[in-house]
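Peer 1: Below are the structure tokens for one structure; questions will follow.
The values are calculated or read from the model by the stated rules, or taken from the named source; none is laboratory data. Values in this document were obtained by computation on a predicted structure and should not be read as measured data. Every residue, glycine as well, gets a Cβ built from its backbone with ideal geometry; the counts of neighbours run over all protein chains shown.
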Amino acid sequence: MNRSMINASNTMTQLQQQLDLISHNMSNVNTTGYKRQEANFSELLYQQFNNQSNKQEEIGRNTPLGIRQGSGAKLANTSIQMASGALKQTGRVLDVALSEDNHFFKVLVNENGQQAVRYTRDGSFQLTRTNNTDEWMLADSNGNAVADSNNVPIVVRGPVKEVRIDANGNFTAVPQNEALAEQTFQLGVVEVNRPHLLQGKGNNLFGFPNLKALNLAVQDVVEEVEGADRAGLNIRQGALEESNVDMASEMTELMIAQKSYQFNSKSISVADQMMGLVNGLRS
């Protein structure tokens, strides 16, 4: 097969993945706390043909000698852009927003019969009734339990008359029964020190890969925000963080990717025409 056809076909499959990534970003432009993802490309293996003498170096050549023929490009990785989105005032008491880029709420999910900690920027919480009719659990928009600073679900005795969430992440529930005392919990908040390791786990939740395979511990990548450090949380009650997707930028990236895909597709078509002309030659 013609080398140009190989290069183009290799690159087109990778560009299709970029198009899928861009469309995913655009479809989540209105998703609370969503972080856009960006595609990063790298060059595939190439062949070096040394068809020039070393005397060329004497004339001040800056590029390497010979000819390098590549095999196309590949999608090396996808990176999560952690820039904060704009804050939207909702006035709802169970809506909370984080102001720092690398801060995340902790959420408890059940996976394969085991409880796992996941991380989210989506602060649209709700109180859901537990199996005990007098207890309500703080949950995210998908019904997963919101964890406190000790990775324990936040459960309040109810019914609840008032909810207060201060800038330090203290969650206070005031029961309707005045005989019961106010209940205060600390929302579980972590600071992610290595955000490039975050992986999307669906439903606007993030997790990490197998850290043992990377010779890392959980403490190496996330740090609990505790004690005096909670004074810098600056949590906003009655507000939500919007997606950091910029539709205009995504449309620009989409058009560039589409033009690149069309260019490579045209390369295959032209190479096929050239091969047809060669095969049709008569001596």
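Peer 1: Show the residue pairs that are 6+ apart or on different chains and have beta-carbon atoms under 9 Å apart, the first residue being within the range 220-249 and farther than 26 Å from Gln37 by Cβ, the second being surrounded by fewer than 13 Cβ atoms within 10 Å (Cβ to Cβ) and of a type in the set (S, T, N, Q).
Peer 2: Gly238/Gln89
Peer 1: Which ones in the range 142-159 are buried (at least 16 other Cβ atoms within 10 Å of the Cβ) and either among the β-branched types (Val, Ile, Thr) or closer than 28 Å to Gly232 by Cβ (or both)? Even if it seems obvious, please write down each step before you answer.
Peer 2: Of the residues in the range 142-159, the ones buried (at least 16 other Cβ atoms within 10 Å of the Cβ) are 144-149, 153-156, 158.
Correct list: Asn144, Ala145, Val146, Ala147, Asp148, Ser149, Pro153, Ile154, Val155, Val156.
Peer 1: Filter the range 91-128 down to the residues that are assigned to a strand (DSSP E or B), modelled with pLDDT of 90 or more and charged (D, E, K, R), then identify the one that is farthest from Asn210 (Cα to Cα).
Peer 2: Restricting to residues being assigned to a strand (DSSP E or B), modelled with pLDDT of 90 or more and charged (D, E, K, R), the top hit is Asp95.
Peer 1: Kindly indicate the residue of the range 27-44 that is within 18 Å of Ser260 (Cβ to Cβ) and of a type in the set (A, V, I, L, M, F, W, C) and also surrounded by the most Cβ atoms within 10 Å (Cβ to Cβ) among those meeting that condition.
Peer 2: Selected residue: Ala39.
Peer 1: Any idea which of (1) under 24 Å from Gly33 (Cβ atoms); (2) at pLDDT 90 or above is the one Thr184 doesn't satisfy?
Peer 2: Checking Thr184 against (1) under 24 Å from Gly33 (Cβ atoms); (2) at pLDDT 90 or above, the one that fails is (1).
Peer 1: Another one. Looking at the range 141-163, is at least one residue outside the structural domain of Leu205 (by TED's automatic domain parsing), outside any strand (DSSP E or B), in contact with a Phe, Trp or Tyr (Cβ under 6 Å, 6 or more places away or on another chain) and not hydrophobic (A, V, I, L, M, F, W, C)?
Peer 2: Pass one, the range 141-163, residues outside the structural domain of Leu205 (by TED's automatic domain parsing): none.
There is no residue in the range 141-163 that is outside the structural domain of Leu205 (by TED's automatic domain parsing), outside any strand (DSSP E or B), in contact with a Phe, Trp or Tyr (Cβ under 6 Å, 6 or more places away or on another chain) and not hydrophobic (A, V, I, L, M, F, W, C).
Peer 1: Moving to a separate point now. Can you confirm whether Asn40 is assigned to a strand (DSSP E or B), modelled with pLDDT under 90 and more than 21 Å from Ile268 (Cα to Cα)? Explain how you work it out, then say what you get.
Peer 2: Working: assigned to a strand (DSSP E or B): yes; modelled with pLDDT under 90: yes; more than 21 Å from Ile268 (Cα to Cα): yes.
Answer is yes for this residue.
Peer 1: Also, I was wondering about something else. With the structure loaded, tell me whether Asn204 is out of contact with any helix residue (DSSP H, G or I) (no Cβ under 6 Å at 6 or more places or on another chain), over 19 Å from Gly169 (Cβ atoms) and modelled with pLDDT of 90 or more or whether it fails that test. Reasoning before the result, please.
Peer 2: Details: out of contact with any helix residue (DSSP H, G or I) (no Cβ under 6 Å at 6 or more places or on another chain): yes; over 19 Å from Gly169 (Cβ atoms): yes; modelled with pLDDT of 90 or more: yes.
Spelling it out, Asn204 is indeed out of contact with any helix residue (DSSP H, G or I) (no Cβ under 6 Å at 6 or more places or on another chain), over 19 Å from Gly169 (Cβ atoms) and modelled with pLDDT of 90 or more.
Peer 1: Restricting the search to the range 70-81, which residues are buried (at least 17 other Cβ atoms within 10 Å of the Cβ) and part of a loop (DSSP other than H, G, I, E, B)?
Peer 2: The answer is Gly72, and nothing else.
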